[in-house]
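The values are calculated or read from the model by the stated rules, or taken from the named source; none is laboratory data. Just so you know, these numbers come straight off a predicted model, no measurement behind them. Here the Cβ is made from the backbone with ideal geometry for all residues, glycine too, and neighbour counts use every protein chain on show. Heavy atoms of the whole protein, side chains included, go into the accessibility calculation; ligands, DNA and RNA do not. Shrake-Rupley method; radii C 1.70, N 1.55, O 1.52, S 1.80 Å.
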Amino acid sequence: MKLSMWTYEGPPHVGAMRIAASMQGVHYVLHAPQGDTYADLLFTMIERRPSRPPVTYTTFQARDLAGSTADIFKTACRDAIERFQPQALLVGASCTAELLQDDPGGLARTLDVAVPVVPLELPSYQKKENWGAAETFYQLIRTLTGNRARPQERPADIAPNSCNILGPSALGFRNRDDVTEIAGLLARNGLDVRVTAPLGASPADLARLPEAAFNIVLYPEIADTAARWLQKTYGMPFTTTVPIGAGATRRFLAEVRALAGLPEVEPADDGADRMTWYARSIDSNYLTNKRVFIFGDATHAIAAARIASEEMGFKVCGLGTYMREFARDVRAAAAEYGVEPLISDDHLEVERAIIEARPELVLGTQMERHIAKRLRVPCAVISSPVHVQDFPARYSPQMGFEGANVIFDSWVHPLMMGLEEHLLQMFRDDFEFNDSAAASHLHAVAPSGAAVAGDDQAEDVPAEDAAVLWTSEAETELRKVPFFVRGKARRNTEMFAESNGIHPITVETLYDAKAHFAR
């Protein structure tokens, strides 16, 4: 385990907590010392849940180590069952309590309680949050379906158009809105959704999963293990296309209709897909070949790269994930775009990769949003971990056609805020767009003059170095560029001059660099 100021994932017991918090009638007894209850804040403060997650902590203290912490755990289990009356009980240990080796699973089996008990063995020092969520979901399904033998033939009462939606969970990125969008899309295409799990499901719902014909996997990080087990045990196929983006949504519909035995149909132009038209409109043409760096969970990162390249005309200059379990998929995607994959959970390594790639847009988690803000590069959040602002009150899915529209707005607006070339030329001498102008919409007390973003001192370029690199005429000409893009103009010109062996930088060099980067 490595300590870090920022982490992309918590320990695996946080993943188990996400599954418990997603479901109805499930309670989680976590063997943990006092102080390990911080994870509650993830749900009450970040996801803005109206209630605490269904978790009971043993919260043993240092003085309890002189006695039997096992007795404390068993008492906590009995009290939780009596108080909350759950339909199923999860039991496990936090990373600190794991060192005591009390074996919560074995202790729970000695309780002789009337509800199913699912023991979780989550190695906190080898695995992380998303793996813990996937393992918990899988263990719940395996326990609650009763481990029945695989049927030789599909029962006649299972309709071929029946399906389950697997994967959405608490703390997932826009998962609730994604479920609403995809469930409506499936209903309009004649699909009968029997169970959505774990989000909103009960233990009884999980027991009914084999009654559907096939499974729809929206988030492989959470549901892939369970879906593969259901396929092996009950012969239930599952989808492999994640419907993020307009093109992927059409492929997803074709896949589910084929699994349901429904005829293939031409996609109707009902106006739901506005993203495709927007991306081809004249206002978006100048975005073509914008360099974009992408980092996040595997599902959203791979989908973002596909949308950026195929649907919006961007150039992928970096692609990575913090999830080593899905590193192979990300590496395969990175090879398609000719970039080196970044598989890391170190945000400092990600920052170095972003600086080296010199993107014009960053798509990532809340960590990448902070990095991009420091580097003054536009950014949009596409993946967990996220901040409270990424759980909006409005309807804001990422999947389906409406999700594609939301993605277009989220990605393009940071790029279009005042950066159109013709507007820069038109207003560069305007009273608002100069170094001495007070800030308007950015911040009431933003600095002006040399301290404004993009100016010479803001770029940390020493005065003596600037004098050597640039002629006075070139410096004067550079100051005609609006302050909020001047930093980028300086960097591009110096990079052009260095690559061509030009010294010092003259006015002609400045315009040659502009022509070079405008191609």
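The table below gives the values:
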| item | result |
| --- | --- |
| Any chance residue 228 is within 28 Å of the chain's Cα centre (by Cα) and of a type in the set (D, E, K, R) | yes |
| Which numbered condition residue 409 misses (of (1) open to solvent by less than 40 Å² (accessible area, probe 1.4 Å); (2) modelled with pLDDT under 95; (3) of a type outside the set (A, V, I, L, M, F, W, C)) | (1) |
| Residues of region 352-369 that turn out to be open to solvent by 30 Å² or more (accessible area, probe 1.4 Å) and touching a residue at least 24 places away in the same chain (Cβ under 8 Å), as a count | 3 |
| Residue match in region 205-221 (condition: open to solvent by 10 Å² or more (accessible area, probe 1.4 Å) and free of Cβ contacts under 8 Å to residues at least 40 places away in the same chain) | yes |
| Residues (polar (S, T, N, Q) and farther than 24 Å from residue 412 by Cα) located in region 301-350 | 344 |
| In region 222-246, residue farthest from residue 181 (Cα to Cα) [restricted to those that are open to solvent by less than 20 Å² (accessible area, probe 1.4 Å) and part of a helix (DSSP H, G or I)] | 230 |
| Filtered residues of region 247-274 (kept if open to solvent by less than 20 Å² (accessible area, probe 1.4 Å) and part of a loop (DSSP other than H, G, I, E, B)) | 260 |
| Selection count, region 116-156, where residues are open to solvent by less than 30 Å² (accessible area, probe 1.4 Å) and either at pLDDT below 80 or part of a loop (DSSP other than H, G, I, E, B) (or both) | 4 |
| Those residues of region 186-202 which are open to solvent by 10 Å² or more (accessible area, probe 1.4 Å) and in contact (Cβ under 8 Å) with a residue 24 or more places away in the chain, in sequence order | 189, 190, 191, 192, 193, 194, 196, 199, 200, 202 |
| Region 160-173, residues that are open to solvent by less than 30 Å² (accessible area, probe 1.4 Å) and either modelled with pLDDT of 95 or more or within 17 Å of residue 230 (Cβ to Cβ) (or both) | 162, 163, 164, 165, 166, 167, 168, 169 |
| Residues being open to solvent by less than 30 Å² (accessible area, probe 1.4 Å) and touching a Lys or Arg at 6+ places or on another chain (Cβ under 6 Å) - total across region 333-342 | 0 |
